[in-house]
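Read the figures in this text as sums done on the coordinates, not as results from a lab. All figures in this text were calculated on a predicted structure; none of them were measured in a lab. Backbone-built Cβ (ideal geometry, glycine too); neighbour counts: all protein chains shown.
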């Protein structure tokens, strides 16, 4: 899996005629968009899935299987984790293996991921790490500016809701969202980002162009564009915390992002571009 920085501008406009200024709600993804607690989760999920597929009768090389897994993992990025595990089961069966239940794969993934995530959450709760160190740079300032502009903020994550709430507390962002936090459920049919978007539009009587969204995955970008909203793709460099991640950028462009950023450091320029009034300092 090749990732890295490239020479793209730190605010890249892909669709100059995107809607501006008349926003009445803002939707955020969590991991990679605001939080870096689960940074580089792909480096846990993808090798785990490749290990599972190499145990099938397939004659494909590990490199070939990695390409297959990378493609569907990132295509499904933003949906609940269970969907990636369902796809893994299908890939196992296609190769003559005997798939486990998707939930079994999900538990296996969470156990592997928690070896990294658990320590980061503990560091935050004990003060060994600060919320700013575990956030996309400028995220707290952006949320503050949007609240100051009078915009209600919503969060929708493909990560299980119980983990999202705990990590949102740890990273000192819960107060920005209040009860407007949504995440994956055991009854996975009862949650999707498309459902949340429709609910926001319906309950708040919005036109599609009045919805602004920030995300680093396919799903939130596609769904917001589908209703006519503005989709800001966050191609964050999760380990370096600086620059634009080329791998993410390419996929966000394919998903239909209107604007690409690496982080929120150029907050004034970003808010001006979006037509959002900010509090003068």
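Find, to one decimal place in angstroms, the Kirkwood hydrodynamic radius of the stretch 1-90, where the mean of 1/r is taken over every pair of different Cα atoms and then inverted. Walk me through the intermediate numbers first.
On the way: mean 1/r = 0.0621 Å⁻¹.
Averaging 1/r across every pair of different Cα atoms and inverting gives 16.1 Å.
Starting from the Cα of residue 130, move 7 Å in the Cα-to-Cβ direction to define the label point; list residues of the stretch 232-250 whose amide nitrogen is under 17 Å from there.
It comes to 241-242, nothing else.
Tell me, what is the FRET efficiency for residue 114 and residue 67 to the nearest 0.05, using R0 = 25 angstrom and their Cβ-Cβ distance as r?
Details: r = 27 Å, r/R0 = 1.08.
Calculated transfer efficiency: 0.40.
Can you quote the Å³ per residue value for the convex hull of the Cα atoms in the chain, rounded to an integer?
Details: hull volume 35.2 nm³, N = 281.
So the per-residue hull volume is 125 Å³.
Any chance you could check the Cα centroid distance between the stretch 196-231 and the stretch 52-89 for me, in angstrom?
For the stretch 196-231 versus the stretch 52-89, the Cα centre distance is 28 Å.
When the Kirkwood hydrodynamic radius is evaluated over all pairs of different C-alpha atoms of the stretch 42-126, what value in angstrom, to one decimal, is obtained? Write out the running numbers ahead of the final one.
Details: mean 1/r = 0.0743 Å⁻¹.
The Cα-based Kirkwood calculation yields 13.5 Å.
Sum -39500 (n - 2.57) across every DSSP H segment of at least 4 residues in the chain, then divide by the residue count to get the 222 nm mean residue ellipticity, nearest 500. Could you put the intermediate results ahead of the total?
Working: 11 runs with 128 residues, N = 281.
So the calculated ellipticity at 222 nm is -14000 deg cm²/dmol.
Quote the FRET efficiency, to the nearest 0.05, computed for residue 187 versus residue 269 with a Förster distance R0 of 41 Å and r equal to the Cβ-Cβ distance.
Details: r = 42 Å, r/R0 = 1.03.
Using R0 = 41 Å, I get an efficiency of 0.45.
Starting from the Cα gyration tensor of the stretch 194-281, take the square roots of the eigenvalues, sort them a ≥ b ≥ c, and report rounded, prolate or oblate (rounded when a/c is under 1.5, otherwise prolate if a/b is larger than b/c, else oblate). Please report the intermediate quantities before stating the final value.
Numbers: a/c = 2.36, a/b = 1.23, b/c = 1.91.
Oblate, because a/c is 1.5 or more while a/b does not exceed b/c.
By how many degrees, 0 to 90 and rounded to 10, does the Cα axis of helix 246-255 deviate from the longest principal axis of the chain?
80 degrees
Rounded to the nearest 0.05, what FRET efficiency is calculated for residue 101 and residue 166 with R0 set to 22 Å and r the Cβ-Cβ distance? Mind dumping the intermediate values first?
On the way: r = 25 Å, r/R0 = 1.15.
Result of the calculation: an efficiency of 0.30.
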